[in-house]
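Participant: First the structure, then my questions, so here it is.
Read-outs: derived from the displayed coordinates by stated rules, not from any lab. This one's a predicted model, so the numbers in the text were calculated from it and none came from an experiment. For neighbour counting, all protein chains shown are included, and Cβ atoms are generated from backbone atoms with ideal geometry for every residue, glycine included.
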Amino acid sequence: MRRHSQYEKAHFQAITCVDIGLNQSTGEFYNWARWLYPLVEPFLSSTRHRLVATVNERFPGSLLEIGVGTGGHLSDYLATHVTGVDVSPGMIQMASRQKSSLGCEVDIKVMDGESLQFGDAAFDRVVMTYVLSVTAHPERMLAEAWRVLKPGGFAFILNHETRASPHGWVSRVRRWLRLRSQFRFADIPGWPASSVIHRESCLPGGWFTFVILQK
């Protein structure tokens, strides 16, 4: 089991006072934007397949995905129990249709990833894909993911990373999708650098970064 610095421990505490206003607004936006996902998914499929394949290497056990989206990939997971949460009721409605295609127990819930309604150490694996740069307070979501992860468990994170705000159409698209134009894991308060056991860049130019943490 990995040890954490006092700095990391101080920041990786359950946060009970959560300002959900911004995430409610994001949820409302993605209620509408969910209809565009069939157009977006082909551009993200290769990175998601890479992540799912790596997650499956840690089978068996329970799995939580924060920001499950439309859930079109859920049937690819190997797990004894899969739980998917999303702040968008519209996304959850679409993800719920995938239940019949999974060969395990499945729970799909509307829930803010910054305030998870689960007990401590509840899951063997936690997955966060393209969600930390969308949520209002990424440090809170990360703290909650760490809280519900079992000791020795793994967190799998896939997200874009940019050191500076892009210009032109890239910046406009990211703003429209509610993505932070400038985002790095290392800039998240309490980022557990000592718990990173794997890191790789994905896609041309390294726009996306895939990270595995072990608690």
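Participant: Please list 95-104, 64-73, 111-120 highest first by mean number of surrounding beta-carbon atoms within 10 Å per residue.
Facilitator: Highest mean packing first, the order is 64-73, 111-120, 95-104.
Participant: Also, quick follow-up: Please work out whether the range 65-119 counts as rounded, prolate or oblate from its C-alpha gyration tensor, where a ≥ b ≥ c are the square roots of the eigenvalues and a/c under 1.5 means rounded, while otherwise a/b larger than b/c means prolate and anything else oblate?
Facilitator: Oblate.
Participant: Arrange the following residues from fewest to most other Cβ atoms within 10 Å of their Cβ: LYS215, LYS109.
Facilitator: Result, fewest neighbours first: LYS109, LYS215.
Participant: Quick one: which of 191-200, 125-134 comes out on top by average Cβ neighbours within 10 Å, and what's the full order, highest first?
Facilitator: 125-134, 191-200
Participant: Find which of GLY103, VAL131, GLY67 sits farthest along the positive direction of the dipole of the range 57-148, computed with +1 on the beta-carbon of Lys and Arg, -1 on that of Asp and Glu, about the Cα centre.
Facilitator: Working it through, the farthest residue towards the positive pole turns out to be GLY103.
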